[in-house]
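Read the figures in this text as sums done on the coordinates, not as results from a lab. Just so it is clear, the model here is predicted, and its values are computed rather than measured. Cβ placement follows ideal geometry from the backbone for every residue including glycine, while neighbour counts extend to all protein chains displayed.
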Amino acid sequence: MSHQRNPRSLLTPAMHHVLDRMARTRQLPLHALTPAQARQVYEVGAGMLDIPGHKLARVQDLHVPTRDGQAIGARLYAPSAEVLPVLLYFHGGGFTIGSVATHDALCRHLSHLAHCAVVSVDYRLAPEHKFPTAANDAWDALQWLAAQASALGLDGSRVAVGGDSAGGTLAIVSAIEARDAGLPLVLQLLFYPGCAAHQDTPSHQTFAHGFVIEEPHISWFFNNYVNTPADRDDWRFAPLLAPDVDGLAPAWIGLAECDPLVDEGVLYADKLRAAGVAVDLEIYRGVVHEFIKMGRVIPEALQAHADAARAVRQAFGAS
């Protein structure tokens, strides 16, 4: 990569400013905290740079049964009482942190912009629930949503999956499971998804430190999630290892240029295209991982929301 010498020179001025402010707060890094503390810190910080949540006609908490007899939480958002198509959304957070609450404003905004229902899933988190619990919860939630759509007043013939970061991984896994089960999806909506087994692409080196999600964070998240290193070579952890992606739902993929995960996102787009799957790939210049939750200060976040919502509307057959 030509920009390895000073990758910070790639940042937009606004992004630079945000990273400087974060550095000055001198908070303990997430990987120095317990998972419970890290969740709390992330929860408190989640709304600081995010846009205020849209008021919507319908916001409803749901309970989703899982294969092991537990129930997980989910939240349904809809801009009107019509029978709407639905996006099933999985939040980011390295399988360890994050919740429906941390991604509330984002899901409200997507619902508003795309004029569709969004169901956001509180899948179970590591290390209390290790691999493949999150992946199983995601697929269980998708099957449940497809079966319950009409009872919920939703259009079960038009379903998409989406997520950011680790949630993007879960969306991809669900899309592969859906294809194998013959459950039709219209779109995979992926913000900087995790796709690779190991942090060994050039962008992982270039953006290892000083770009919000740092190498020690990623290792900490993944070590919380996997039982053994062998789990990393399972395609449900690393979808780039999926034996085939033929016949998957089309994908909209939004990546951050200054993100350790950018290269694996591009590789996944390439893998889909090679299999004949339609892909719309957007790389937002000069921004970092997590940027889509910084809409108050990072204009690219609002651009990404608008681009993603347009892809959702088109996939659902709306103008």
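For region 174-319, the Cα-based Rg and Dmax, in that order, read 15.6, 47 Å. Within the chain, DSSP assigns beta bridges of which about 30% are antiparallel (rounded to the nearest 5). This ranking places K271, K55 by how few other beta-carbon atoms lie within 10 Å of each, fewest first, which gives K55, K271. Against the empirical 2.2 N^0.38 Å (N residues), the chain has a Cα radius of gyration ratio of 0.92. Here r is the Cβ-Cβ distance between S80 and S150 and R0 is 22 Å; the resulting FRET efficiency, rounded to 0.05, is 0.85. Computed from Cα positions, the angle between helix 35-46 and the longest principal axis of the chain comes to roughly 90 degrees. Pairwise inverse Cα distances across region 42-173, averaged and inverted, put the Kirkwood hydrodynamic radius at 14.6 Å.
For the pair M48 and E128, label points projected 7 Å from Cα toward Cβ lie 2.5 nm apart. Rounded to 0.05, the FRET efficiency of the A230 and D200 pair, given R0 = 22 Å and the Cβ-Cβ distance, is 0.85. Cβ-Cβ distance of D61 and D20, R₀ of 41 Å, FRET efficiency by 1/(1 + (r/R0)^6): the value works out to about 0.60.
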